[in-house]
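Quick notes on the structure that follows.
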Amino acid sequence: MAGSDTHVLRNLMSIWKEGWVNDQLKMGGGAEGAEGAGSAHGGGGYGFVRIMGSTPGEVVRKARSHPLVSLLEDAAGQQSLVEDGPYQS
């Protein structure tokens, strides 16, 4: 089974699963526990999700997608902000 180890590492042991990220945000601590540095900020290592204003699903999709796809999507979002920004209220 040549590709089975790749499947395990990429899917089963991935920290980029929507359920895992969501659970860590709800717990507010992550792997550090109650005394860890991450628990003071809420979300442990995933506290940036709240700062970004994103959902766990969006963050997982961006983390698993090809970097070029992420750049193109971000560029399209910025372009729409520039073009439509003055007209939104």
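Structure notes:
- Per-region count, segment 3-42, residues within 17 Å of Ala63 (Cα to Cα), in a loop (DSSP other than H, G, I, E, B) and modelled with pLDDT under 85: 2
- Flag for Ser65 being modelled with pLDDT of 85 or more, out of contact with any strand residue (DSSP E or B) (no Cβ under 9 Å at 6 or more places or on another chain), surrounded by 11 or more Cβ atoms within 10 Å (Cβ to Cβ) and of a type in the set (Ser, Thr, Tyr): yes
The values are calculated or read from the model by the stated rules, or taken from the named source; none is laboratory data. All values reported here derive from a predicted model rather than from experimental measurement. As a convention, Cβ positions derive from the backbone with ideal geometry for all residues, glycine included, and neighbour counts pool all protein chains shown.
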